[in-house]
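The values are calculated or read from the model by the stated rules, or taken from the named source; none is laboratory data. Predicted model only: the values in this text are computed from it and were never measured. All Cβ positions, even for glycine, are placed from backbone atoms using ideal geometry, and neighbour counts span all protein chains on display.
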Number of protein chains: 2
Amino acid sequence: MHKPNHPVIPLTLTTIKAACSQCNLRELCLPYGLSEQEIEQVDSMVGVRRRVKRSQHLYRAGEGFEAIYAIRSGFFKTDVLLEDGRNQVTGFQMAGEILGMDGISTETHTCNAVALEDSEICIIPFPQLENLSREIHALQHHFHKVMSREIVRDHGVMMLLGTMRAEERLAAFLLNLSQRFTSRGYSAAEFHLRMTRDEIGSYLGLKLETVSRAFSRFQDEGLINVQQKHIRILDIAGIKKLLSRQPS
Amino acid sequence: MHKPNHPVIPLTLTTIKAACSQCNLRELCLPYGLSEQEIEQVDSMVGVRRRVKRSQHLYRAGEGFEAIYAIRSGFFKTDVLLEDGRNQVTGFQMAGEILGMDGISTETHTCNAVALEDSEICIIPFPQLENLSREIHALQHHFHKVMSREIVRDHGVMMLLGTMRAEERLAAFLLNLSQRFTSRGYSAAEFHLRMTRDEIGSYLGLKLETVSRAFSRFQDEGLINVQQKHIRILDIAGIKKLLSRQPS
DNA sequence: ACAGCCGTTTGATCTGTGTCAATGCGTCAA
DNA sequence: TTGACGCATTGACACAGATCAAACGGCTGT
């Protein structure tokens with residue numbers, strides 16, 4: 001394994017040269033909509049890739065902010081911790097999504113990013129991103145869109161946590177995952193959950209037992225098939241119906 | 001009242017020339033940290049101010065996105081609506097804060113912004129903001145910080161909605177308001193709520209009756225004094241203690 | 001292949017918050 | 001002043017989801 005000597009990166013992690021121009025995620029990721037030539041400029045900004053093994057932290061709350069990260073492959077969660085030990089999973093991120101934007105405002109990360117499976121990320125040093133987006137309008141604009149999308153996503157989670165009942169939350173969660181897997185070319189109906197029931201519960205504002213019971217009920221009703229972490233969606237319309245209903 | 005003919009602005013609304021250089025909020029607002037000369041450039045970008053009367057919309061979900069807005073004076077709420085009628089207040093905004101960033105990602109606003117009292121906002125056309133932030137590094141960087149701060153704030157709300165009990169949520173809400181009033185030079189201990197119990201409840205993921213009961217209990221315990229919308233904080237340390245406790 | 005352990009499922013009970021309903025208070029208009 | 005309306009308070013009761021507890025099942029590493 002090749003281990004170049006880069007200041008920011010622990011030596012225990014493998015790093016390789018990134019190349020957006022050869023990345024099949026580029027239409028999903030930061031260089032969306034750029035010309036070939038512009039993408040090459042981005043290539044030179046995105047210094048290296050880095051492997052992050054399952055359960056390792058990409059960054060921790062309190063660490064200084066230096067870069068944002070694009071997920072090349074794998075699966076992450078982000079969470080926030082309160083002094084008293086309570087924690088809240090704020091999101092699950094997959095290939096092509098951007099991590100670390102929470103750190104821009106105070107120059108310090110405010111949440112933890114943990115790999116839920118062996119993953120690979122591209123490091124985008126933030127000062128260089130700002131420099132380059134002064135040159136490339138499309139990059140500037142797309143980065144703004146990415147941040148705004150994160151805000152809109154957060155509003156969706158607030159809606160979920162603020163107004164929905166347990167089964168609706170889980171339905172929304174499954175539909176969201178399914179949709180994101182679809183747009184990455186994976187099956188919409190069958191996937192493997194990378195997170196535990198406890199992590200799903202934290203994200204959805206529920207206890208793990210409630211998540212488990214809701215899964216069981218969905219299975220009893222023929223909506224899905226659950227085998228531990230393996231999910232097969234049998235009746236996507238039925239799940240959508242759960243969401244549009246008006247119980248509370 | 002002066003009524004210039006501006007395409008975007010309803011004629012019923014008064015508009016006046018904005019001037020960041022003469023605005024005492026500029027250290028709180030978008031032009032934070034800019035030189036006098038740079039602020040003048042921002043002045044020329046911020047076309048006009050606009051008055052928004054109580055209960056009027058600044059923008060609605062579904063409307064095209066053209067500009068972000070800085071609150072010059074007044075008080076707003078933002079909320080999201082689901083098809084089935086449920087709605088979630090996603091935030092309350094006061095002077096110096098920025099509205100409208102939800103619209104960047106899809107070029108369409110995804111939430112509603114409503115004035116909770118007669119307010120005045122500065123219109124910042126987004127294409128011009130992007131142009132100018134390519135010239136003024138400090139503006140570019142500060143705008144990124146503002147967006148990031150919004151993401152971090154949203155994470156805080158998720159934590160609140162996901163892990164806290166009713167009284168903790170209300171305590172966090174009061175402390176947050178108090179702190180924001182303080183940094184605007186108002187009293188930390190005494191203020192007027194611009195929103196109804198129902199709106200507070202929507203924001204906190206509670207029913208209005210629960211909000212009302214929590215207020216009453218706080219009053220019984222000598223933490224605050226509530227007179228309808230008028231709040232006086234008597235024991236800020238006691239309120240903070242509610243938050244650090246570990247009940248759930 | 002095996003043991004050990006972590007994560008999951010399921011059941012029984014408890015409780016915080018929602019729901020429904022009635023009353024009260026303040027403001028505004030006539 | 002009076003009435004009316006919108007918002008807030010308070011009480012009684014119901015219920016969704018939390019909590020506590022026990023048993024199960026399938027990875028993971030040796």
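Points to keep in mind about this one:
- Index of the failed condition, residue A:227 passing every other in (1) touching a helix residue (DSSP H, G or I) at 6+ places or on another chain (Cβ under 8 Å); (2) within 12 Å of DNA strand D (Cβ to nearest atom): (1)
One line per residue, one yes/no per condition, for (1) within 14 Å of chain B (Cβ to nearest Cβ); (2) free of Cβ contacts under 8 Å to residues at least 12 places away in the same chain; (3) within 9 Å of DNA strand C (Cβ to nearest atom):
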{"residue": "A:149", "(1), (2), (3)": "yes, yes, no"}
{"residue": "A:168", "(1), (2), (3)": "yes, no, no"}
{"residue": "A:229", "(1), (2), (3)": "no, no, yes"}
{"residue": "A:232", "(1), (2), (3)": "no, no, no"}
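- Identity of the residue in the range B:234-248, within 12 Å of DNA strand C (Cβ to nearest atom) and assigned to a loop (DSSP other than H, G, I, E, B), that ends up modelled with the lowest pLDDT: B:248
- Criterion (more than 21 Å from residue B:93 (Cβ to Cβ) and out of contact with any Pro (no Cβ under 8 Å at 6 or more places or on another chain)) met by exactly one of B:214, B:188: B:214
- For the range A:203-227, filtering for residues that are touching a Ser or Thr at 6+ places or on another chain (Cβ under 8 Å) and either of a type outside the set (Val, Ile, Thr) or away from DNA strand C (no atom under 11 Å from the Cβ) (or both) leaves 3.
- Some residue of the range B:170-182 being more than 11 Å from DNA strand D (Cβ to nearest atom), of a type in the set (Val, Ile, Thr) and outside the structural domain of residue B:94 (by TED's automatic domain parsing): yes
- Failed criterion for residue B:145 (all others in (1) touching a helix residue (DSSP H, G or I) at 6+ places or on another chain (Cβ under 8 Å); (2) closer than 17 Å to residue A:100 by Cβ hold): (1)
- Within the range B:170-202, being hydroxyl-bearing (Ser, Thr, Tyr) and either away from DNA strand C (no atom under 11 Å from the Cβ) or in contact with a His (Cβ under 8 Å, 6 or more places away or on another chain) (or both) holds for B:178, B:182, B:183, B:186, B:187, B:196.
- Test set (1) surrounded by fewer than 21 Cβ atoms within 10 Å (Cβ to Cβ); (2) within 14 Å of chain B (Cβ to nearest Cβ) - residue A:161 fails condition number: (1)
- The sole residue among B:150, B:135 that is at pLDDT 95 or above and crowded, with 17+ Cβ neighbours inside 10 Å is B:150.
- Test: residue B:49 is farther than 18 Å from residue B:29 by Cα, away from chain A (no Cβ under 13 Å) and not in a helix (DSSP H, G or I): no
- A single member of A:111, A:122 is over 20 Å from residue A:25 (Cβ atoms) and outside the structural domain of residue A:200 (by TED's automatic domain parsing), and it is A:111.
- Residue list for the range A:94-109, restricted to those being within 13 Å of chain B (Cβ to nearest Cβ) and in contact with a strand residue (DSSP E or B) (Cβ under 7 Å, 6 or more places away or on another chain): A:98, A:99, A:100, A:101, A:107, A:108, A:109
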